[in-house]
Amino acid sequence: MTYRIERIIFKDGTLLTERDLAVGENIFEGEVPVVGDIVSFNWRGLQLRTEIIWGHWAGRGPFPPERVASLRAQEI
């Protein structure tokens with residue numbers, strides 16, 4: 001399955017949107033994380049740890065594999 005982190009709120013309040021990310025920098029393959037999950041990824045040489053705060057909720061049934069899940073996260 002594919003998911004995309006569209007927005008990240010940094011600890012200092014700065015908002016990073018999908019336009020600020022390089023092509024493919026916010027696209028991931030694997031199980032779609034649910035709200036509350038911790039996700040780590042690289043952004044411009046920095047290792048970011050984020051918590052999913054909006055997007056896919058646990059207990060909502062299976063996620064269609066052909067759909068790209070759009071998520072929002074905050075830096076932790």
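Numbers below:
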item: Cα-centred dipole magnitude for region 2-75, charges only on beta-carbon of K, R (+1) and D, E (-1), debye, nearest 20; result: 120 debye
item: Antiparallel DSSP beta bridges within the chain, percent to nearest 5; result: 70 percent
item: Gain upon complete extension [residue 35, residue 68; 0.36 nm per residue less C-alpha separation]; result: 10.3 nm
item: Charge dipole of the chain about the Cα centre (unit charges at C-beta), most positive-ward option of 34, 2, 14; result: 14
item: Per-pair calculated FRET efficiency, R0 = 22 Å: residue 76 and residue 20 via Cβ, rounded to 0.05; result: 0.70
item: Local net charge near residue 25, Cβ-Cβ under 14 Å (Lys/Arg +1, Asp/Glu -1); result: 0
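We did not get these values from a lab; they are worked out from the coordinates using the rules stated. Predicted model, so just to flag it, every value in this text is computed and none were measured. With ideal geometry, Cβ positions are generated from the backbone for all residues, glycine too; neighbour counts draw on all protein chains shown.
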